Amino acid sequence: MRVSSKKPTHVDEHVGKRLRLRRNLLGLSQDDLARRIGLTSQLIQKYEAGETRISASRLYGIATQLAVPITWFFDELEGKRRPSAESKQASSKQALSKQALSKQALETADWSELVTKRESRQLLELYFGIADERLRRKLMEVAQLLKTTEPD
């Protein structure tokens, strides 16, 4: 097996984060996924951390096991491009436009990171486990009150 000498890029990191997100959304451990595709959990961990590049054929196998199209791993990537030397010299108008896009991408990235946390998934499961819609609304009101009363 030949390993690429190129270091992972921001694209590899993004794909790794999307891999972790999908695996967590399905409730799979790294071990579960590794067994399904015939790898070690350590390699899955390196993929998710963006430390190791995922080959096209491996990514295809992972996508199949996670029941998503291969393009899913690249969703939301456009807003996360690293600035090139050219873009650093862009006009202030372009810079402001990029800041707006970056803010949107950051909010999306924050959401992606948030839903990978076990606590977030548990909270969602508990919330949607409440059958009475009125009680769910009341819980939301309580949460909003707690948020606004938190000391800064």
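The values are calculated or read from the model by the stated rules, or taken from the named source; none is laboratory data. If you're wondering where the values come from, they're calculated on a predicted model, not measured in any experiment. Please note: Cβ atoms are built from the backbone with ideal geometry, for glycine as well, and neighbour counts cover all protein chains shown.
Worth pointing out:
- The one condition in (1) in a loop (DSSP other than H, G, I, E, B); (2) touching a Lys or Arg at 6+ places or on another chain (Cβ under 8 Å); (3) at pLDDT below 90 that Arg82 fails to fulfil: (2)
- Residues satisfying the stated conditions in segment 47-60, i.e. over 15 Å from the mean Cα position of the chain (by Cα) and surrounded by 17 or more Cβ atoms within 10 Å (Cβ to Cβ): Thr52, Arg53, Ile54, Leu59
- Hits in segment 21-41 (condition: assigned to a loop (DSSP other than H, G, I, E, B) and surrounded by 14 or more Cβ atoms within 10 Å (Cβ to Cβ)): Leu28, Leu39
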